[in-house]
Structures are given as structure tokens and as C-alpha cells.
1. Can you tell which of Asn254, Asn283 is within 16 Å of the chain's Cα centre (by Cα), closer than 16 Å to Thr508 by Cα, open to solvent by less than 60 Å² (accessible area, probe 1.4 Å) and touching a residue at least 12 places away in the same chain (Cβ under 8 Å)?
2. Which residue, of Ile500, Ile440, Ile397, Ile473, is surrounded by fewer than 22 Cβ atoms within 10 Å (Cβ to Cβ), within 21 Å of Ile313 (Cα to Cα) and free of Cβ contacts under 8 Å to residues at least 60 places away in the same chain?
3. I'd like to verify a number: residues in region 257-267 that are among the polar types (S, T, N, Q) and open to solvent by 40 Å² or more (accessible area, probe 1.4 Å), how many?
4. Only helices (runs of 4 or more DSSP H) wholly contained in region 98-175 count here; list those with 2 or more residues that are at pLDDT 85 or above, open to solvent by less than 20 Å² (accessible area, probe 1.4 Å) and under 24 Å from Arg24 (Cα atoms).
5. So for region 435-445 (the condition being among the hydroxyl-bearing types (Ser, Thr, Tyr), over 19 Å from the mean Cα position of the chain (by Cα), outside any strand (DSSP E or B) and at pLDDT below 95), does at least one residue qualify?
6. Considering region 47-61 alone, what residues qualify as being surrounded by 17 or more Cβ atoms within 10 Å (Cβ to Cβ) and assigned to a helix (DSSP H, G or I)?
7. Within region 290-322, take every residue that is among the small types (Gly, Ala, Ser) and closer than 24 Å to Thr501 by Cα and give me the one that is surrounded by the fewest Cβ atoms within 10 Å (Cβ to Cβ).
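The values are calculated or read from the model by the stated rules, or taken from the named source; none is laboratory data. What you see is a predicted model; the values in this text were computed from it and never measured. Using ideal geometry, Cβ is built from the backbone for each residue, glycine included, and neighbour counts are taken over all protein chains shown. We work out accessible area using only protein heavy atoms, side chains counted, and drop any ligands, DNA or RNA first. Shrake-Rupley method; radii C 1.70, N 1.55, O 1.52, S 1.80 Å.
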Amino acid sequence: IHERGIYLFERLNKLKARYPEVIREVRGAGLMIGLELDVEHPASPLIGCLVDQNMLGWVIAGFMLQKFQIRIAPTLSNSNTLRLQPPACITEEDCDFLCVGLDALCSILSRGNSYALTEFLLPPSTSKPENEALIKSYRAAYSQPANVPDDIHHVGFIGHFAQAADISKWDQGLEGFSEQQAAKLLDRLYPMADLSKFKPLVIESPTGKKVCLHFIGLFADSNVTARYLRAKRPNIIHSKIEQGVRYAEEIGCNVVGLGGHTSIITRNAKNLKPQSIGLTTGNSLTVGMSVEATREAATQKGISLETCCFACIGATGNIAQTYNEIISEYAPKMILIGRVGSEPRLKICAEKIYYAAYESICQQSVTELEGIAREIVNTEAVNALRRKLVNVGESSIGEYLFESLGEELHERTPIQITTDMKELTKANIIATASSSADVILHPGLIEQSPSVICDIAVPRDTDPEAFKQRPDITVFQGGVVKLPLNADFQIEGLPLEQGITFACISETLLLGLEGHSAHFSYGNINRKQVKTIMQIANKHGFKLARLKTENAY
């Protein structure tokens, strides 16, 4: 034991000299040896997460067993220290073979090649030459956390990957996995993976205010979360979201935002019970930027909002209803489409739009009016209402206008309700927000050319591939936001270029800049909330960057 221990120590110390950035210390006595890894500056984001979650030693144990049939384990007190406790009968050849395996491991850790470290978890792939992915170097340059001023507000945001392939945007070393393999990796590791706490980012406003963002990541993508939703058992994901909220509270955040499917899983945050923090789903700014994106897409296609015909599929949902009330300020003709049996709820939706239009009529001059308000301002029904010739209470104005305008204008009524999808043939601007699990909007349903489709359904109501044969139709999922000053802003793993972020994240940042600490987009949202957050966005210089074409997030 003494002789073999000396021999093994010599070999291990040579490894330490060769990989000083990987091995911190070799210690022990005889054949009870500890190999402590240097994890102060992780070579890759995934390795950093494994360190933070005390899992690195266990992954290494699996790697050594599967690749070299060598059984080791981390110490119970420190998972970054590997226990090497061979039997007394070990030979020098065995020690040499152990060091061959450890040399391969150290090379992988030194190069930050997270694919080479974890590919043993999945069946072998024939889609890419194995050596190409195994030998590359990805070691990430270590960056210090941002210098966070003491006098600024902090916000948290809980999100996940939009799609499995985005894991290589978070950690480039994972590019060796095909999209299918990446999905399997997320599937396998998600239940045991803890939350990932990203380095804080400081975002500035032209007003001089700053906010510190703490991104809290779930090791899952939209498919994983959607599958849990369909199975009606989102308990694992829900518990991780609750952990994220508690963590945001612990580090002193004013507000925590929910991204991707996390808002749906928590019923628009209403299932969460924070102690001292505001919650927001980001839905208000998402709707506001979706309307802005719709107007931009129409302009790009040469469609005039003043003469367009707008249609909405799934019009009875809260998001769609709020979107419709705002787009009604621009569109003169609207078709609200729902499922068979939803006519009473569609009628209520139309009534709310008419009420919003009447509010505009009472607050603006005739020359300032647009959309539905301009279409109905000179009708007998509106004149009778304004001159108090009819006895209608405040809560019944929308219902009165729906009935009276129908009788007065007949087929010229600016808002129609229907359960027939064929009515889409009249529309050249379409929003779709159904709760269907399947694709329901196909190119064959669209007759107007050119047309634009804002698909704000989760999951999507459209299949992007199906519309590639129709270049006259623009399909998008809302709008992404450009930050006013932080041109280098980027959250690794989100499929966006620098300086741009999703509307849900932007709403969280804006609430932080305003020092807001109460719930905002919590449960159902309304038109006034959307207008409020859009005014705040304008105040701080948050603008529409472009149409959102990324997969559901």
C-alpha cells in the first residue's frame, strides 16, 4: 500500500503540474487519496452550474465509469474532491490506466468541452463525427460579475430555454449534441437539476436610473414545460418556480418576472404566494409590443390600418381581449372568432371593445379618432347615447352599442362575431390566440394578399414551415424590445442578438426602474395596464426592435 501510494502520488502530481488550472491539490496517505479540483473559475457555464449545485463530482464519477470502467466517487463533504481508494492489490499498470482516464478528464475540463464530459449520458450518435465534437476547446473567458451600485433596485426573472437547441447558445461546448440529443439531455437532467443563478446585469435608462437583473434559469425548454402542462402535473416545474421566487426574495429583489411557460404553469402567477415581492408575467408589455409589431408588419406589407379588416381567432381569452381592445383604436373593421358555443362570450368581448371606443369618443375630438371609434362616432346609436336620449347605465353602454349598432348598420357593423373560420377570408390582419394544442391556422384559410398574422398563442397556432410557400404573408409572434443604452446586453441561452430582449423581461426591468414592488401583470390584465407600461417604456426609451420570430417563449 505504501509503495503503490507513493507511485500513484507521483503520477497524480505530474497531472497536477500539467493541468494546474484543473487540479488544485493532491492529498492523502497510502491508497486513500483525494484529488481536489480547482473550480474557482469554471471553464464553461454547464461546469459552473455543476459546481454550484454540488454535482460535478457525480458527473465525473459517471464519466470515469462509463468511459474507462473506473469506479471513483466524490467525497461526501465536498463534491469537487474526488476519492481515489483502490484496493490493496492494485498494480502499477492499474495506476497508469487510472491516470490515463484522469488525463482525459482533465483535458476535457481544461478545454471546457461540456459535450465530451456529458455525452456518455445519452446513446451514441451517428449524426456527427464523434472526434470532431470531443477534441474541440471551448474554455470560456472568466468574467467578473457586474459592479452593482448600492442604491439601485433589484429584480429577478425566472425563465427557461425556448428550445432544446438553445443550450449551445448558453454553453457553446454543448454544440456537439444534435437537437434531438439536446432534448433528451434536458429530459434526463431536468428533474435533478437545480436552478441556475446567472451573474447579475445592470441595465441603465436615459433618465439616469439603473436596475440590477438576476436571471434565474430552469434547465428545461418549452417542450419540457408544455409536456408537463398537457399531462396536468406541473408539480416539479411549479416547485422550481417557487424556489426561484424565494431566492429572488432572499437577495432583495423588488419584483420577479415570469418568462416562457412559467406564467401559464402558475396561472398567471396567481398560484404563487410570495412573502415580500411583487410578481409580473410581463403580459402587459407583451401585448403592447405585439400591437406595435402588428402595426410595423402592416406597414412593411403596405397594408393601411385605416382601411384594413382585422380578425382574431380565440378572441375570448384575456390576452386576446386586451390585444383587441387596443388594436380597435386603429382597425376600422373587426371579426372576432371563437369556438362553437362561445357566442355569448364573443358578444361580451365585442361589447367591451365598443365601450372602449365610446370612451375615446368622449375624450377626443372627432378629427383625432381612429379605428372603431371613428366608424361609429356619427351613428344614431352613439348620438343618442351622448345626448342622453336613452337611459343606459355605465355598465350597459357596451351592450347597448352592440345591439343598437347591429340594428342600425346590419352587415356594415364594424365588429362581427362568428364561430366560422371561413370568415378569415375577409381579413388581411389576423391575430390568433387560441388554447388549442394543435396547429389550427393554415395558409389555405388566408385569401387576402398581402396579409400579416400575429400568433400570440402558446403553443403556436401556426406552423412557420407551412407559410414558407406564401411570401405574401408575414407570420410573427409579437415584438422584441431594444434597450436604450445597454447595447451589449445578452442573456446566454436566449436566441436574441445583443441589446435586445423579450417583452416579458423588459416589463420586469421597467418595473424595477420605477421602484415598483407590488404585483403588476398578475392574473388577468387589462387595457389600462398595457397603456401604463407602454408609457413607462417610452419614458425609459424601451422601443420595439423588430418582429419576434423565435419559437415560443
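1. Values: Asn254 fails: within 16 Å of the chain's Cα centre (by Cα).
After ruling out the rest, the residue left standing is Asn283.
2. Numbers: Ile500 fails: within 21 Å of Ile313 (Cα to Cα); Ile440 fails: free of Cβ contacts under 8 Å to residues at least 60 places away in the same chain; Ile397 fails: within 21 Å of Ile313 (Cα to Cα).
Sole residue among the options that is surrounded by fewer than 22 Cβ atoms within 10 Å (Cβ to Cβ), within 21 Å of Ile313 (Cα to Cα) and free of Cβ contacts under 8 Å to residues at least 60 places away in the same chain: Ile473.
3. The total comes to 0.
4. Here the list reads 114-118.
5. Restricting attention to region 435-445, the residues satisfying the condition of being among the hydroxyl-bearing types (Ser, Thr, Tyr) are 435-436.
With the extra rule that they be over 19 Å from the mean Cα position of the chain (by Cα), the set shrinks to 436.
Then drop every residue that is not outside any strand (DSSP E or B), which leaves 436.
Subsequent filtering for residues that are at pLDDT below 95 retains 436.
Within region 435-445, one or more residues are among the hydroxyl-bearing types (Ser, Thr, Tyr), over 19 Å from the mean Cα position of the chain (by Cα), outside any strand (DSSP E or B) and at pLDDT below 95.
6. Ile47, Gly48, Cys49, Leu50, Val51, Leu56, Gly57, Val59, Ile60, Ala61
7. Of everything passing the filter in region 290-322, Ala297 is surrounded by the fewest Cβ atoms within 10 Å (Cβ to Cβ).
To keep it simple, each residue is scored yes or no on (1) assigned to a loop (DSSP other than H, G, I, E, B); (2) of a type outside the set (Lys, Arg); (3) within 26 Å of Glu10 (Cβ to Cβ); (4) without any contact (Cβ under 8 Å) to a residue 40 or more places away in the chain.
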residue: His41; (1), (2), (3), (4): yes, yes, no, no
residue: Phe63; (1), (2), (3), (4): no, yes, yes, no
residue: Ile70; (1), (2), (3), (4): yes, yes, yes, yes
residue: Leu76; (1), (2), (3), (4): yes, yes, no, yes
residue: Pro86; (1), (2), (3), (4): yes, yes, yes, no
residue: Glu93; (1), (2), (3), (4): no, yes, yes, yes
residue: Asp96; (1), (2), (3), (4): no, yes, yes, no
